[in-house]
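Trainee: Have a look at the structure that comes next, please.
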């Protein structure tokens, strides 16, 4: 089995940031905030966050904040809950949460909760359990969970539970590993994991591991490195991760590395990107791969960052 | 980037790509300028359309389109309104052709629809087209279900056909259109049938079928009021799929759901309690236990000041309090406060406890008191899915005081617990043979069809699929289901040996998931061991320290059984001393119900974190704990982190005051887990050797957190 070429991944992540004019960067321009979260968290897990200029990142993040309190995906783009969480997470990585007006950000999140407990992504009203997770995670990091209606939020998530124990986007929506991560994560943060049938969901999740060792996101689909995060973190939160073969999954992720130029792809020999590089590295961290900082399965931030938020006075 | 091959670009490709990038970059910056300046001219709209056709993911551009529609609506006559919306629908279609997974595009379409445009025919044509192209596209399936939008004023003025178009699929949030939904539910069920008929390997269709069917069964729709008939047809349906290609997972989960639908009885039931019905509890005031015979029904408690009453239900319930559960006895003087035994401080729990404070009762020696408990005395006990507890049921037991309570003499401590094999003595018989686990409680009366349905399935799977993974697993599950339907004391009808064999075979057949089968195996094994006196007896021992003369405990020894998880706790509520050493336990979930436990040996297991010991926090009588030779401190990732009550899960506030008093010089970020667990325990004897975490620094920390400790790692403090 190959090894993790961490140095090359670090170089790859830093190089992507410099290639602003590539087609890839232009297409993804509107979600640069997510990109920053993926790249910087991956760097932190590999112990290389100090290669980045903190002030530059922080001032760029703050230039994406709107009057409403929400953050856009990049300068000039509209605020959306997706980018608001990424902004807060990146600030947490740098221990710079003190630069935001916590109540202003919280007010934005609170304004997006609907009567049924669900959350909209922005003022245009798209509802999705992804946004429930984002809202809960975000206000929890800001120590403001009490500002949203947690009981209703949990109730809405449970209304999206399916016969296979998994969760969909909205009530009746099909189970999908990404969506399951969001719902399990939200229930973990709100202390509600007892509402999950862990054995049922655990079986569905562990059957995501296919012959190659990789994980898919739904039955009869292809494996993809990003599910190393969505499936694994869910299995860890419900304490069923021993139901898959860790060795086989480690091998699959390592096989997806570009060992020459750095970066990780969705499947072996596909084109690499920052998204899959982050999910590959984060997955290896969850698999206790040596030399990587452990990552928290619910907050999707390094454990030391999370412990610092909750256990320092 | 999904599914794009990794290959170096040719030079000409590179120049094409960079020209494309430049063009897109220009479009985006022009668009952002228009957006910022609120320009909604035709040119500006065309530019945003071009941008979205090239990059449907640019969410700000979809927002801009909505703003533009709102802006232009206010200035249009009724004819141009329609064309305004048509333009948007056309744009969405073009964008979806570029990327039919675009969240922004799908939502824009829903938004346009919410304004009352498009028609059902048009939308269905579009949907069918997209679903043909990608039968698993969950955006399309969700759109089909159309879980959209709060019902706003605009829609109330819509013509009826338009209204129909909103609800052409079921939508569980709108009860007021039940009649409409009723028709479309059945239509949609047919649609899943058609899709599955074309190709059974469509998990999305099976999922949708389960959702629609649940709904139809729930409201007993016409043709769906007989659950048995519906389920029988479904069994046949999914059997066809599984038998066609046993490796295809599409039908697997649906089948498990059907078993669950067949077996599950909605209403909560009391499955076990301590004290059990008809038992006698003897109180022994000073710390010495004199046992002459062993009974699993009756218990002797020594040196205790509180008496727990434990109620164990078949599912989590809420609403256990002094009005729903009446406790009648001459010795009771105060209202009782019931406590849910949940590890995350939830108000619903499967197990509930109340503590009788013996000190307040003025009990007289050699007198017998009777206590009567009525569960469901008044309505209010509800399961988490809304079912109410049925008819009231009763438990009566007797309490008798053998010797008076005396305070332990200062300086006289219990002896060190050694757990050596030589200190255990086999028990050859029970004093009485009236212990029957849980059978004195309600057994759900199931109609015959459940058993027949399961029986028929068993025959099918035994005959045809007993050689492959899903066949074996399904068979094991069906046999388990069948056992759960027959009365618990009827051992002849049990299939545990056969089920254990199937799981053992599965471990070999499918090594990737071997620990899943091992966990299931452990549960069945424990069920087998704890199901009767005969099966429990070989595991019951007297524990007698060599230096003691007349003190002995009964210890349940479940050591060396290769157990990877705990189960059947409802049958073990009487246990005061438990040896689970030399197993492969990763968690002790459920142990919180064993309220009488005072000595516990968990040495030589696979416990990987302090949070895994979370269930011990509710065991107020626990004195002796051996967790030596586990994996505490060996793992960077904690799989119990969110299953244990903590500030991370907002289930409790960190006790900073206590932390600072007890161990202020230590770092909370490093020691919070251990503090959380041990701070609430009253241990006198702890063994933690053989764990990576147990260095000198940790030892000095733990002594501070546990002021009651007399022995640490087999040494007197």
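The values are calculated or read from the model by the stated rules, or taken from the named source; none is laboratory data. What you see is a predicted model, and the numbers here were worked out from it, not measured in a lab. Here the Cβ is made from the backbone with ideal geometry for all residues, glycine too, and neighbour counts use every protein chain on show.
Trainee: Does residue B:669 qualify as being over 24 Å from residue B:620 (Cβ atoms), without any contact (Cβ under 8 Å) to a residue 60 or more places away in the chain and either within 14 Å of chain A (Cβ to nearest Cβ) or surrounded by fewer than 16 Cβ atoms within 10 Å (Cβ to Cβ) (or both)?
Mentor: In short, yes.
Trainee: Limited to the stretch A:26-39, what total is found for residues that are more than 16 Å from residue A:276 (Cβ to Cβ), out of contact with any strand residue (DSSP E or B) (no Cβ under 9 Å at 6 or more places or on another chain) and at the interface with chain B (Cβ under 8 Å from one of its Cβ atoms)?
Mentor: 2
Trainee: With B:587, B:568 as the choices, which residue is within 13 Å of chain A (Cβ to nearest Cβ) and over 19 Å from residue B:308 (Cα atoms)?
Mentor: Of B:587, B:568, the one residue that is within 13 Å of chain A (Cβ to nearest Cβ) and over 19 Å from residue B:308 (Cα atoms) is B:587.
Trainee: Still on this model: Could you pull out the residue among B:433, B:466 that is part of a loop (DSSP other than H, G, I, E, B), within 28 Å of residue B:249 (Cβ to Cβ) and at pLDDT below 90?
Mentor: Selected residue: B:466, the only one of B:433, B:466 that is part of a loop (DSSP other than H, G, I, E, B), within 28 Å of residue B:249 (Cβ to Cβ) and at pLDDT below 90.
Trainee: Moving on. Which helices (runs of 4 or more DSSP H) sit wholly inside the stretch A:221-308 and have at least 3 residues that are under 17 Å from residue A:6 (Cα atoms) and touching a helix residue (DSSP H, G or I) at 6+ places or on another chain (Cβ under 9 Å)?
Mentor: Filter on the stretch A:221-308 gives A:246-255, A:274-286.
Trainee: Just one of the numbered conditions (1) out of contact with any strand residue (DSSP E or B) (no Cβ under 9 Å at 6 or more places or on another chain); (2) buried (at least 24 other Cβ atoms within 10 Å of the Cβ); (3) within 7 Å of chain B (Cβ to nearest Cβ); (4) within 23 Å of residue A:10 (Cβ to Cβ) is not true of residue A:298; which one?
Mentor: (4)
Trainee: Filter the stretch A:244-287 down to residues that are touching a residue at least 40 places away in the same chain (Cβ under 8 Å) and facing another protein chain (nearest Cβ under 7 Å) and give me whichever is surrounded by the fewest Cβ atoms within 10 Å (Cβ to Cβ).
Mentor: Result: A:258.
Trainee: Moving to a separate point now. With (1) surrounded by fewer than 23 Cβ atoms within 10 Å (Cβ to Cβ); (2) at negative phi as the list, and residue A:213 as the residue in question, which single condition is left unmet?
Mentor: (2)
Trainee: I'm trying to understand the selection: among the residues of the stretch B:8-29, which are at the interface with another protein chain (Cβ under 8 Å from one of its Cβ atoms) and under 30 Å from residue A:222 (Cβ atoms)?
Mentor: Passing the criteria: B:17, B:20, B:21, B:24.
Trainee: Also, I was wondering about something else. Residues A:241, A:306: which one is out of contact with any strand residue (DSSP E or B) (no Cβ under 6 Å at 6 or more places or on another chain), within 8 Å of chain B (Cβ to nearest Cβ) and over 27 Å from residue A:88 (Cα atoms)?
Mentor: None of the other options fit; the residue is A:241.
Trainee: A further question follows. Only one of B:609, B:531, B:522, B:514 is touching a helix residue (DSSP H, G or I) at 6+ places or on another chain (Cβ under 8 Å), under 27 Å from residue A:237 (Cβ atoms) and in contact (Cβ under 8 Å) with a residue 24 or more places away in the chain; which?
Mentor: B:609
Trainee: Based on what the data block shows, is residue B:224 modelled with pLDDT under 90 and touching a helix residue (DSSP H, G or I) at 6+ places or on another chain (Cβ under 8 Å)?
Mentor: yes
Trainee: Any residue in the stretch B:648-659 that is more than 11 Å from every other protein chain (Cβ to nearest Cβ) sitting within a Cβ distance under 9 Å of a residue that is buried (at least 17 other Cβ atoms within 10 Å of the Cβ) and part of a helix (DSSP H, G or I)? List the pairs, counting only those 6 or more apart or interchain.
Mentor: B:655/B:675; B:655/B:676; B:658/B:675
Trainee: Considering the stretch A:167-184 alone, what residues qualify as being over 19 Å from the mean Cα position of the chain (by Cα) and either assigned to a helix (DSSP H, G or I) or more than 8 Å from chain B (Cβ to nearest Cβ) (or both)?
Mentor: none
Trainee: Check residue B:216 against each of (1) at pLDDT 80 or above; (2) buried (at least 19 other Cβ atoms within 10 Å of the Cβ); (3) under 18 Å from residue A:159 (Cα atoms); (4) within 10 Å of chain A (Cβ to nearest Cβ) and name the one condition it does not meet.
Mentor: Result: residue B:216 passes all but (4).
Trainee: May I ask you to list the residues in the stretch B:67-84 that are surrounded by fewer than 18 Cβ atoms within 10 Å (Cβ to Cβ) and modelled with pLDDT of 90 or more?
Mentor: Answer for the stretch B:67-84, where residues must be surrounded by fewer than 18 Cβ atoms within 10 Å (Cβ to Cβ) and modelled with pLDDT of 90 or more: B:67, B:70, B:71.
Trainee: Could you check the stretch B:356-381 and list, in sequence order, the residues that are surrounded by fewer than 17 Cβ atoms within 10 Å (Cβ to Cβ) and touching a residue at least 60 places away in the same chain (Cβ under 8 Å)?
Mentor: Matches in the stretch B:356-381: B:368, B:380.
Trainee: Still on this structure: Is there any pair with a first residue in the stretch B:44-72 that is at the interface with chain A (Cβ under 8 Å from one of its Cβ atoms) and part of a loop (DSSP other than H, G, I, E, B) and a second that is surrounded by fewer than 18 Cβ atoms within 10 Å (Cβ to Cβ) and modelled with pLDDT under 95 whose Cβ atoms are under 8 Å apart and which are 6 or more apart or on different chains, and what are they?
Mentor: Every condition considered, the pairs that remain are B:57/B:99.
Trainee: State yes or no: is residue A:164 outside any helix (DSSP H, G or I), crowded, with 24+ Cβ neighbours inside 10 Å and modelled with pLDDT of 95 or more?
Mentor: Yes.
Trainee: Need the failing condition index for residue B:346 against (1) within 14 Å of chain A (Cβ to nearest Cβ); (2) out of contact with any helix residue (DSSP H, G or I) (no Cβ under 6 Å at 6 or more places or on another chain), just the number.
Mentor: Going through (1) within 14 Å of chain A (Cβ to nearest Cβ); (2) out of contact with any helix residue (DSSP H, G or I) (no Cβ under 6 Å at 6 or more places or on another chain) one by one, residue B:346 breaks only (2).
Trainee: Please state which of the following conditions residue A:93 fails to meet, knowing it meets all the rest: (1) crowded, with 23+ Cβ neighbours inside 10 Å; (2) under 16 Å from the mean Cα position of the chain (by Cα).
Mentor: All conditions pass for residue A:93, except number (1).
Trainee: Only one residue in A:201, A:187 is buried (at least 24 other Cβ atoms within 10 Å of the Cβ), farther than 25 Å from residue A:37 by Cβ and more than 8 Å from chain B (Cβ to nearest Cβ), so which one is that?
Mentor: One residue alone meets the criteria, A:201.
Trainee: Answer with yes or no whether residue A:76 is free of Cβ contacts under 8 Å to residues at least 24 places away in the same chain, crowded, with 16+ Cβ neighbours inside 10 Å and either more than 23 Å from residue A:304 (Cβ to Cβ) or more than 14 Å from chain B (Cβ to nearest Cβ) (or both).
Mentor: yes
Trainee: Working only within the stretch A:113-150, note down all residues that are crowded, with 23+ Cβ neighbours inside 10 Å and more than 13 Å from chain B (Cβ to nearest Cβ).
Mentor: Answer for the stretch A:113-150, where residues must be crowded, with 23+ Cβ neighbours inside 10 Å and more than 13 Å from chain B (Cβ to nearest Cβ): A:119, A:132, A:133, A:134, A:135, A:138.
Trainee: How many residues does the stretch B:5-43 hold that are surrounded by 13 or more Cβ atoms within 10 Å (Cβ to Cβ) and not in a helix (DSSP H, G or I)?
Mentor: Looking only at that region, the number is 3.
Trainee: Examine the stretch B:692-714 for a residue that is within 28 Å of residue A:283 (Cβ to Cβ) and either touching a residue at least 60 places away in the same chain (Cβ under 8 Å) or surrounded by fewer than 16 Cβ atoms within 10 Å (Cβ to Cβ) (or both), and state whether such a residue exists.
Mentor: So far as the stretch B:692-714 goes, yes, one or more of its residues are within 28 Å of residue A:283 (Cβ to Cβ) and either touching a residue at least 60 places away in the same chain (Cβ under 8 Å) or surrounded by fewer than 16 Cβ atoms within 10 Å (Cβ to Cβ) (or both).
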